[in-house]
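See below for the structure under consideration.
No value in this document is a laboratory result; all are computed from the given coordinates. None of the values given here were measured: they were computed from a predicted structure. For neighbour counting, all protein chains shown are included, and Cβ atoms are generated from backbone atoms with ideal geometry for every residue, glycine included.
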Amino acid sequence: MRIAHISDVHLGYRAYSRLTSRGINQREQDVLQAFRHALQLALEQQPDLILITGDLFHSVRPPNFSLVNAYRWLSKVQQERNGAPLIIIAGNHETPRSTESICILRLLGHIPGVQVADGGIESLRLDTLGVHALCIPARGLYTLPTTRIEPDPKAKVNLLLLHGILEGLTPYAVERPVSRQLILNDDWDYIALGDWHLYTQVAPNAIYAGATEFTSTNIWEEAGKPKGFVLYDTDTRQHQFLKVPTRAVYDLLPIDARELTAPEINEQIRARAESLDITNAVVRQRIYHLMPEQRSGLDGNLLRELRARALHYYLDLRMYREARTMPKQNALSDPNAGNPAGADEEGEPRLTLIEEWCEFARRYELPPDVERDELINLGVQYLSKIE
């Protein structure tokens, strides 16, 4: 049996201020377009089953534009597939906090052939294919440790669908990682995983399809990594990763401002930007160890030119923290005596508390209803009062 496994589409994701000619946030349009490409490419493969393992939508209440298009495109896909099975499980982004609220995915369950699992752990039967699919949506993670996770010996094909981060994938998981021992089992014909945005095979029969666009909380970690979905054959246990075109994302080589003049920094900014075609791309340029006098010498015209050329050009300035002398102590009794405060063992300046907060807040996965920039600014305001 051939399975098209799509995950973490995040329809309704918005970022930056650029709008399309129709007044739609450009990144929201990009995410929609990537999903459309994925569906079209999946149709060409003529899979027996399509799986979407969570976070089809970026929020509990997605924008109407994305919601209407998702319904329209999935309806068209199912019409062309004559209502062949398609399973969607809910991810953390589209799952309401209150159990009394209805998940938006249930609307898609009215499309012929579409089945939705948005509550606790649930078994679905696809009699036409002889499939038993055990679905673990985001809300099902709470009962996972007390639930028996095992295939059905009577089923022809056993599938396990999970939206969650397995232990060992990342140190930045918001929730407690899912134990691999609970999930990874060779008796499953296929384990379709979601929530991790990078295509990753964790076992011969267990794969994260990754996201279809750059929508994570730290897209810079994913720069240069392909986006797409997985085509898996349960008979041969072989798979393909099919790439989907996306908006270009570039994390340019950082600039070390130590021993550089402001004109030299400007020249390096220009050179790095010209090393790639950043036209309509999402770009980050980091500058480390920047002094205030260097910052005031940055070329405003150059930066405006780069910001006009790119969809989004983010100049990430990391200011140099001037070292302060520690109180004199007995060097024989204190191994750190003489080291400047704010410097590590190699003499590198440590990040300030505010810088550490900003770095952490850029990586941390937030609830869908929390604006990242507002949270970072609020934290900076509070920390400024105590630092």
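Structure above, values below:
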quantity	calculated
Folded to 0 to 90 degrees: helix 372-386 orientation relative to the chain principal axis, Cα	40
Helix-only mean residue ellipticity at 222 nm for the chain, each DSSP H run of n ≥ 4 adding -39500 (n - 2.57), per residue, nearest 500	-7500 deg cm²/dmol
Cα centroid separation, region 125-158 to region 214-257 (Å)	28
Net +/- balance of residues flanking Ala155 in space, Cβ distance below 13 Å, scoring K and R +1, D and E -1	-2
Most to least packed among 95-106, 22-33, 145-156, 221-232 [average Cβ atoms within 10 Å]	221-232, 22-33, 95-106, 145-156
Rounded to 10°, Cα long-axis angle of helix 262-274 versus longest principal axis of the chain	20
Förster radius 22 Å - calculated FRET efficiency between Gln40 and Asn82, Cβ distance, rounded to 0.05	0.80
Cα-centred dipole magnitude for the chain, charges only on beta-carbon of K, R (+1) and D, E (-1), debye, nearest 20	980
Rg in Å to one decimal, and Dmax rounded to a whole Å, for region 138-213 via C-alpha atoms	12.4, 39
Gained length - Lys243 relative to Arg22, 0.36 nm times residue gap less alpha-carbon distance	76.8 nm
Tilt relative to the chain, helix 64-80 - C-alpha long axis, 0 to 90 degrees, to 10	40
Top positive-direction residue, dipole computed over the chain with Cβ charges, set His239, Leu141, Gln46	Gln46
